[in-house]
Amino acid sequence: MKTNIDYLENKSVVVIGAGISGCTLALYLAKKGYKVQVYEKRMNLINNNEIKKRTVGMSISERGITTLKDLDLYDSYKSLLVPKYGRAVHLRSGQVYSQFYGANREAIYTVNRKHFNFYLMDACLKTGNVEFFYGHKLEKINVDDKKLTFITNTNYSIDDQDNSCSTEKVVKYEYLFGCDGTFSCVRQRLVDQGLVDATLTTLDYRFKEIYIPPRNGEYVLDPNYVHIWNIAELLFVALPDGKKGFNGTLFYTESSEVNKLKDNEKLFEFVQENCQFLSFIDKDQFIQEFNSNPESKISEVKCNNWNYQNQILLVGDAAHAMPPFYAMGMNTCIESVRVFAHLIDEFGGDISKAISHFTERRIIDTEAMKAMANRNYKKLRKCHNKDFDEKWNQAHEAMKQSNGEYETEYFQVAFTNKPFSQIVEKYGQGVDVEENGLPLISH
């Protein structure tokens, strides 16, 4: 294995991970005049289909939109967003409940993860202050000498373990940001050295991506809703992709019958009986996608301190990965980046001070959002119930009649920038329209 030493004479800001959080942070720093190096394990993100197959469909709401506006990106990107005004809950009988998110047709928006990621990359490159290095897998962090050791390999994919054509590269850093996601190498290297205390918990949920294609060149379902089939032990959520199709995600537990059925015919019959979205998908396509698309697990990160010595900081999912059941993971991540960027301004450009205060400033809100995400899964499991549907609509009508005095928890999460911790604090003080379900919260 060859070794290449790359020492930079100037102070260097290094970001690990070229995903959405990493690119958002790199862009903020670049706009502030910092020179940023972004290192990414995968070699070719543009042609990497794993981005599509291994991620739950994404939605962007007010917190994410506020970040785009803060970066002067929203006006040039908004035409690509697909509005969703509420849930369309499909029952076994074929009846559909419409459950609006807001009182005045407020919408959350579908985001194509891959396209959004590339859009942020392009914005980074246009600043002239960001360099991307692909095929770099972080191997070691030497915190004493501020050196990173990478294994470089042009063939890396998400699971690639082949180092036969690798070289070793050492890079010096002044500030290091771990934006490398739920399974963060930066976090793990720090944990291995006893420098941070963090746990990665795998939850009892699994999911697979199943695509609902157009029919005769058109959407087969109303594209302005999140479509939900929620019967028995299965949960299927479909988001419009902006290209006349739907990106669907089938959720189930580890003990689900889905995991036990090996016969394709029986698998299809079981899913069709219990989660009837299959009327919109060709049978052979479903079987092919179910068998070929990887099964992904849902994990949660618990980390009490994201900072080491005011020089290394975990950001985004590397610090606070959460379940996807509130569609707020990406919004929370880039909101966290915005909070950190504003801390830099608050401390007159001093990154060290911003790092030192970031965990304390932000962790109370990310923990609150994780709690709401876990709780929302139970609501999703109840949303096909007639009583829940009636209470949901009653709550939104009451919100509308209150002229802004009261809002639902969901409204405050999705359509305001109110700190998550304040929303959770008021949750128990709301006017309950459904026991443990959908309170109204004072504005």
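Could you please let me know if Phe251 is in contact with a Phe, Trp or Tyr (Cβ under 6 Å, 6 or more places away or on another chain) and not assigned by TED's automatic domain parsing to the domain that holds Arg362?
Working: in contact with a Phe, Trp or Tyr (Cβ under 6 Å, 6 or more places away or on another chain): yes; not assigned by TED's automatic domain parsing to the domain that holds Arg362: yes.
When the stated conditions are applied, Phe251 passes them.
Residues that are crowded, with 19+ Cβ neighbours inside 10 Å, farther than 30 Å from Asn142 by Cα, among the aromatic types (Phe, Trp, Tyr) and out of contact with any Lys or Arg (no Cβ under 9 Å at 6 or more places or on another chain): does the stretch 311-331 have at least one?
no
Please enumerate the residues belonging to the stretch 281-339 that are of a type in the set (Lys, Arg) and either over 16 Å from the mean Cα position of the chain (by Cα) or within 16 Å of Glu367 (Cα to Cα) (or both). Can you show your working first?
Going residue by residue through the stretch 281-339, those that are of a type in the set (Lys, Arg) are 283, 297, 302, 338.
The answer is Lys283, Lys302.
Does the stretch 283-305 include one or more residues that are in contact with a Gly (Cβ under 9 Å, 6 or more places away or on another chain), part of a loop (DSSP other than H, G, I, E, B) and surrounded by 15 or more Cβ atoms within 10 Å (Cβ to Cβ)?
No, the stretch 283-305 contains no residue that is in contact with a Gly (Cβ under 9 Å, 6 or more places away or on another chain), part of a loop (DSSP other than H, G, I, E, B) and surrounded by 15 or more Cβ atoms within 10 Å (Cβ to Cβ).
Of everything in the stretch 169-217, what is over 30 Å from Leu278 (Cβ atoms) and assigned to a strand (DSSP E or B)? Give them in sequence order.
Lys169, Val170, Val171, Lys172, Tyr175, Leu176, Phe177, Gly178, Ala198, Thr199, Leu200, Thr201
Looking at the structure I just gave you, is Lys114 in a helix (DSSP H, G or I) and either surrounded by fewer than 19 Cβ atoms within 10 Å (Cβ to Cβ) or modelled with pLDDT under 95 (or both)?
Numbers: in a helix (DSSP H, G or I): yes; either surrounded by fewer than 19 Cβ atoms within 10 Å (Cβ to Cβ) or modelled with pLDDT under 95 (or both): yes.
The answer is yes for Lys114.
Within the stretch 362-414, track down each residue that is in contact with a helix residue (DSSP H, G or I) (Cβ under 6 Å, 6 or more places away or on another chain), part of a helix (DSSP H, G or I) and more than 30 Å from Leu343 (Cβ to Cβ).
Within the stretch 362-414, Lys382, Phe388 meet the criteria.
Working carefully through the options Thr202, Thr167, Thr152, find the one that is in contact with a His (Cβ under 7 Å, 6 or more places away or on another chain) and either of a type in the set (D, E, K, R) or at pLDDT below 95 (or both). Talk me through it step by step, then tell me what you get.
Values: Thr202 fails: in contact with a His (Cβ under 7 Å, 6 or more places away or on another chain); Thr167 fails: in contact with a His (Cβ under 7 Å, 6 or more places away or on another chain).
Being in contact with a His (Cβ under 7 Å, 6 or more places away or on another chain) and either of a type in the set (D, E, K, R) or at pLDDT below 95 (or both) holds for just one of Thr202, Thr167, Thr152, which is Thr152.
Across the stretch 247-279, what is the number of residues that are within 27 Å of the chain's Cα centre (by Cα), crowded, with 17+ Cβ neighbours inside 10 Å and assigned to a helix (DSSP H, G or I)? Spell out how you get there, then give the answer.
Within the stretch 247-279, the first condition is being within 27 Å of the chain's Cα centre (by Cα), and the residues that meet it are 247-256, 258-259, 271, 275-278.
From what is left, the residues that are crowded, with 17+ Cβ neighbours inside 10 Å are 247-252, 256, 258, 271, 275-278.
Within this subset, residues satisfying the condition of being assigned to a helix (DSSP H, G or I) are 258, 271, 276-278.
Residues in the stretch 247-279 being within 27 Å of the chain's Cα centre (by Cα), crowded, with 17+ Cβ neighbours inside 10 Å and assigned to a helix (DSSP H, G or I): 5 in total.
Which residue pairs have Cβ atoms closer than 8 Å, lie 6 or more positions apart in sequence or on different chains, and pair a first residue in the stretch 17-43 that is outside the structural domain of Ser166 (by TED's automatic domain parsing) with a second residue that is among the β-branched types (Val, Ile, Thr)?
none
Among the residues of the stretch 169-200, count how many are touching a Gly at 6+ places or on another chain (Cβ under 8 Å) and either within 14 Å of Val14 (Cβ to Cβ) or polar (S, T, N, Q) (or both).
7
Inside the stretch 424-436, can you point out the residues that are surrounded by 19 or more Cβ atoms within 10 Å (Cβ to Cβ) and either at pLDDT below 85 or in contact with an Asp or Glu (Cβ under 6 Å, 6 or more places away or on another chain) (or both)? Spell out how you get there, then give the answer.
Filtering the stretch 424-436 down to residues surrounded by 19 or more Cβ atoms within 10 Å (Cβ to Cβ) leaves 424, 433.
The one that is surrounded by 19 or more Cβ atoms within 10 Å (Cβ to Cβ) and either at pLDDT below 85 or in contact with an Asp or Glu (Cβ under 6 Å, 6 or more places away or on another chain) (or both): Val433.
Can you tell me how many residues within the stretch 61-98 are assigned to a strand (DSSP E or B) and surrounded by 21 or more Cβ atoms within 10 Å (Cβ to Cβ)? Full working, then the answer.
Initially, the stretch 61-98 is screened for residues assigned to a strand (DSSP E or B), giving 82-84, 86-90, 96-98.
This time we only want the ones that are surrounded by 21 or more Cβ atoms within 10 Å (Cβ to Cβ), so: 84, 87, 89-90.
Qualifying residue count, the stretch 61-98: 4.
The values are calculated or read from the model by the stated rules, or taken from the named source; none is laboratory data. It should be emphasised that the depicted structure is a prediction, and the values quoted were computed from it without experimental measurement. Neighbour counts are summed over all protein chains in view; Cβ atoms, including those assigned to glycine, are modelled from backbone coordinates with ideal geometry.
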